[in-house]
Amino acid sequence: MGGVGSSGLDSDSSNSDSSDSDSSSDSSSGSSLSSQGTSEESKASSSPSLGPTTIFSQIISGSIPCSKVYESSTILAFHDVSPVAPVHVLVIPKDRDGLTRISESDEGRHKEILGELMHRAGRIGRELCPGGFRIVVNDGVDGCQSVYHLHLHVIGGEGLGWPPRQ
């Protein structure tokens, strides 16, 4: 596995993921991740099973740059451009496969990728936030989900209060 940056997130001496084909890239984007693209883009590329194209689709394709933390053949993790804490990383599946909300996941179809996402989010949190971190999944309007491509937030780097600040 190749390392990304100085954090060593892609090297795992305790558990080698031979299926991961990591790459490194560190470019930044001024785009807001809460945007889902223009309504024209959404309409043009909408699919009943996948939903409209999101900004994450554009990040995965490389048309919008990101500051990568980790990448494998199935997962991409990158720094949020609007962080709520010193460390705020988004962990997403590269293939959305209809997985727009955690509440709409299918056990047979999504169980493996959900496990991979949680495992990777935990590894990123352990590396970047040794004092502790929070993993958040927003679901639906009332859960403040703004991008309908399932994603996990790894938040930390400072003491976090409860309930979460607004």
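The values are calculated or read from the model by the stated rules, or taken from the named source; none is laboratory data. Note that the structure is a prediction, hence the values are computed from the model and not measured. Cβ placement follows ideal geometry from the backbone for every residue including glycine, while neighbour counts extend to all protein chains displayed. Just so you know, the surface numbers come from the protein's heavy atoms only, side chains and all, with ligands and any DNA or RNA stripped out. Shrake-Rupley method; radii C 1.70, N 1.55, O 1.52, S 1.80 Å.
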Please arrange Arg120, Arg126 by accessible surface area, largest first, computed with a 1.4 Å probe and ligands excluded.
Arg126, Arg120
Please work out how much length the chain gains when fully extended from Trp162 to Asp139, using 0.36 nm per residue of separation minus the C-alpha to C-alpha distance, in nm with one decimal.
6.4 nm
Please list Thr74, Thr100 in order of solvent-accessible area, largest first, computed with a 1.4 Å probe with all protein chains present.
Thr74, Thr100
Once the convex hull of the C-alpha atoms of the stretch 95-161 is built, how many Å³ does it hold per residue, rounded to a whole number?
94
Place a label point 7 angstrom from the Cα of Arg126 along the Cα-to-Cβ direction, then list the residues of the stretch 86-102 whose backbone nitrogen is under 19 Å away.
88-92
Principal axis dimensions, the stretch 51-126 - Cα atoms, whole angstrom, descending
35, 30, 23
